[in-house]
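*Asks:* Please see the structure below; I have some questions.
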C-alpha cells in the first residue's frame, strides 16, 4: 500500500536550535518526494522536492532534506530555526506518471522563544 | 500576481444551501485539483482535471460537483450543504505533462463554515 508517515504530530524546538522532521514513505515505484509548509491561515508552499540525482536537496528558507532509499525516508532539516518557521509541515510522495500525491498527516512545528 | 487564486476566501452559510467556490490559475498548468482539509489538518484529494478531463474522482458525496470550463479554471459546486462539509478547501495546479511529476501550487484556501 502507498503511504506517507510523519511520526511526530507536533514538535517543539527553541529558537536557534536545529530541527529534523521525519518522513517515511511506502511507494511501489520510483518516488518523487516533496515537503510543503503551511503557515497559519495560508495555503501550502513548496519547500523542496526530490526527483533524482543528489540525495541531499536544498530548498527555500534554509531547509534541506535527505533522501535515503534504504530507509524509505525523506527527513527535513534546518540548522537553526526562526520564530517564523512555526507552521505545519507536510511530506508527500508521487510517481512519474501519476497525478496523485500521497500526503502525510503533517507535523506541527512550535518554536519556543 | 497571484498564481492560484480562489474565491471566496471565507464562506459562511446555512445548512441545506448550495454554494460554489471558484479557482483560477495563471501558471499555464494543464492539471488542477481540489483538496479538502479537515480540522486536524489532514489533506484529502477530491478531484483532479487534466486539460478539462476528469482524472481523479475520489469517493466524495455526489453533492460535490467540479466543473472545468478551461485549463485555467476549476470550480467546485456543493449542493445541500451539511455540517460535515465545514472545512478548508484548497485548489492546486501542476504541469502534468512533460518530464515527470511536477510540484503542485496551492491557492490560499476557502474556509467554509456551515451554520
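The numbers here are math on the coordinates, done by the rules we state, and not lab data. All values reported here derive from a predicted model rather than from experimental measurement. Reconstructed Cβ throughout: ideal geometry from the backbone, glycine too, with neighbour counts over all protein chains shown.
*Asks:* Considering only segment A:16-40, state which residues are more than 17 Å from residue A:107 (Cα to Cα), in contact with a strand residue (DSSP E or B) (Cβ under 8 Å, 6 or more places away or on another chain) and surrounded by fewer than 16 Cβ atoms within 10 Å (Cβ to Cβ).
*Replies:* A:26
Listed here are the residues, each with its yes/no results for (1) at positive phi; (2) within 14 Å of chain B (Cβ to nearest Cβ); (3) surrounded by fewer than 17 Cβ atoms within 10 Å (Cβ to Cβ).
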residue: A:42; (1), (2), (3): no, yes, yes
residue: A:45; (1), (2), (3): no, yes, yes
residue: A:56; (1), (2), (3): no, no, yes
residue: A:63; (1), (2), (3): no, no, no
residue: A:69; (1), (2), (3): no, no, yes
residue: A:81; (1), (2), (3): no, no, no
residue: A:89; (1), (2), (3): no, yes, no
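*Asks:* A further question on this structure: What do you reckon, is residue A:76 surrounded by 16 or more Cβ atoms within 10 Å (Cβ to Cβ), in contact with a strand residue (DSSP E or B) (Cβ under 7 Å, 6 or more places away or on another chain) and away from chain B (no Cβ under 14 Å)?
*Replies:* Working: surrounded by 16 or more Cβ atoms within 10 Å (Cβ to Cβ): yes; in contact with a strand residue (DSSP E or B) (Cβ under 7 Å, 6 or more places away or on another chain): yes; away from chain B (no Cβ under 14 Å): yes.
So residue A:76 passes the test.
*Asks:* Please indicate, with yes or no, whether at least one residue in segment B:101-112 is assigned to a strand (DSSP E or B) and either away from every other protein chain (no Cβ under 14 Å) or at positive phi (or both).
*Replies:* Applying the first criterion (assigned to a strand (DSSP E or B)) to segment B:101-112 yields B:105-106, B:110-112.
Right, trim to either away from every other protein chain (no Cβ under 14 Å) or at positive phi (or both) and you get B:112.
Yes.
*Asks:* Within segment B:33-57, work out how many residues are within 26 Å of residue A:38 (Cα to Cα), more than 9 Å from every other protein chain (Cβ to nearest Cβ) and within 14 Å of the chain's Cα centre (by Cα).
*Replies:* 7
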